[in-house]
Amino acid sequence: LPSGFVSVSRLSLVVVQSAQMQPDTHVYMFVCCVQVQDYLEPFRLSLEKLQEVSARATPDGTGSNWRRHIWGHENFLALDLGGTNFRVLHVRVVEEEQKMLKMDSQICAIPQEMMLGTGEQLFDHIAACLGDFLVSQDLKGHTLPLGFTFSFPCEQKEIDKSILIRWTKGFKCSGVEGEDVVKLLKEAIQRRGDYDIGSVAMVNDTVGTMMSCGYRDQSCEIGMIIGTGTNACYMEEMKNVKRVEGEAGRMCINTEWGGFGDDGSLRDILTEFDVVVDETSINPGVHTFEKMISGMYLGEIVRLVLVRLAKEKLLFKGQTSKDLLTPNTFQTKFISEIEDGLENAQNILTKLGLKWDDVDSRVVRLVCDTISSRSARLCAAALATLANRIRVNRGLDHLKTTVGVDGTVYRKHPNFSKELQATVRLLAPKCDITFLVSEDGSGKGAAMVTAVAQQHVCCCSSLFLLAAHKTTLNLHLTTCCVSMLH
């Protein structure tokens with residue numbers, strides 16, 4: 001069907017769902033929705049356009065099987081830092097013969113002022129939370145190996161040396177970009193002086209998610225995060241990894257696909273609202289794809305659209321509120337809640353100080369649905385690219401694989417996962433993809449990588465590639481060119 005037909009159908013559905021309204025209200029609503037259509041149309045991407053996006057994201061092939069035996073050690077620590085909260089974990093083998101792991105964890109918040117403060121403040125806070133956790137687990141005095149999931153673009157020099165290229169996802173701590181984050185963590189622990197850690201293995205969150213899900217499903221070959229930010233990794237044939245000797249086996253590639261479009265390749269599908277979000281962010285010009293689809297930015301895109309519609313007198317009778325006009329007050333979680341029910345929409349609009357009627361609440365839900373749908377479909381386009389690449393690399397007519405996935409947007413939005421999976425089936429019809437939600441996040445996977453490093457110290461040169469902060473996938477982005485291993 002033509003893309004316009006889909007749009008009109010959605011608008012008509014809004015009218016049909018309002019059957020109890022007075023006739024004159026019906027007329028007003030239809031006229032209002034047709035005008036709203038003009039503002040939402042740029043967010044609606046046809047299948048043909050998604051195929052174009054997928055084609056632009058095709059890797060150019062520019063790394064050892066990651067499933068290794070982790071048994072022989074009993075206790076591991078993990079830190080999982082990638083958003084406004086971070087987790088500290090204690091992972092241990094409780095039944096070696098049955099290969100059972102047990103995990104205890106604690107979530108620690110990172111205040112907004114600390115995200116924008118100094119690096120020393122941030123790592124001192126992390127070290128303090130880790131120290132408190134060790135006390136709660138009765139581990140003070142034990143020197144345990146630690147897996148460190150640090151979900152920001154880095155250049156990984158060794159398994160325990162990773163240089164931050166730039167902050168994303170709202171972080172802007174001074175004195176960290178260009179520095180080794182493992183060294184900064186160890187220095188913070190040394191400043192405390194009341195505990196120590198053993199060897200450290202740096203792991204990207206997507207790799208940790210894939211490892212964690214791969215523990216349950218051996219066919220898991222893609223890891224994907226759709227939360228505060230977004231990223232993915234996948235298993236590449238060694239023969240296609242140009243900078244690593246040998247052709248046997250496979251290697252994990254961290255795509256850093258949040259930076260897709262930084263070279264302008266997505267310019268034709270950016271809306272005026274995307275441009276504003278980018279220009280007002282703390283890192284304008286980078287992580288274009290992430291700003292279109294991740295939880296850090298979706299709420300702000302919706303807010304900008306609502307403000308525009310109100311100014312055009314298509315919402316709230318042309319009135320706004322202080323809260324609606326304040327950047328970042330419309331949280332991404334509101335999108336999930338609003339799409340879950342009109343009553344939620346009405347409660348949220350009231351909290352934002354808005355005077356609404358039934359038409360307003362339905363149009364707001366339509367806006368949320370449109371923008372979250374675009375997010376899911378764009379994510380599906382990138383994921384289909386990876387699945388198709390794996391299939392073609394192996395010369396298969398059909399591929400059966402599993403995607404390990406995590407992130408609050410995927411987990412908590414009522415329709416996101418369904419929309420994403422349906423779109424992937426359209427874009428990758430020769431790939432049978434199972435989606436497995438990570439039960440334990442990426443922290444458990446980080447601990448597993450640490451265990452591998454402990455058992456295979458002599459193989460660290462390949463293991464730090466497994467840890468996978470920066471490898472040699474080029475999604476036709478200048479960003480990924482910078483991120484290649486040297």
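Go through 227, 214, 241 and say which Cα lies farthest out towards the positive end of the charge dipole of the range 155-254; charges sit on Cβ, +1 for Lys and Arg, -1 for Asp and Glu.
Checking the options against the dipole of the range 155-254, the answer is 227.
Note down the Stokes-Einstein diffusion coefficient of the range 212-321 in µm²/s, whole number, using a Kirkwood radius over alpha carbon pairs, 37 °C, and 0.692 mPa s.
196 µm²/s
Starting with the highest mean, order 151-161, 109-119 by the number of other Cβ atoms within 10 Å, averaged over the residues of each peptide.
With the highest mean Cβ count within 10 Å placed first, the list reads 151-161, 109-119.
Could you put 146, 185, 386, 399 in order, starting from the residue whose Cβ has the fewest other Cβ atoms within 10 Å?
With the sparsest Cβ surroundings first, the list reads 399, 185, 146, 386.
Could the peptides 371-377, 426-432 be put in order, highest first, of the mean number of other beta-carbon atoms found within 10 Å of their residues?
Those peptides, ordered most packed to least, come out 371-377, 426-432.
Divide the volume of the convex hull of the Cα atoms of the range 247-290 by its number of residues and quote the answer in cubic angstrom per residue.
Normalising the Cα hull of the range 247-290 by residue number yields 90 Å³.
How long is the range 87-228 along each principal axis, judged by its Cα atoms, biggest number first, in Å?
The Cα atoms of the range 87-228 stretch 46, 36, 28 Å along their principal axes.
Since every read-out is calculated from the coordinates, none of them should be taken as a lab result. Remember, predicted model here, so these are calculated numbers, not experimental data. We place every Cβ from the backbone using ideal geometry, glycine too, and count neighbours over all the protein chains shown.
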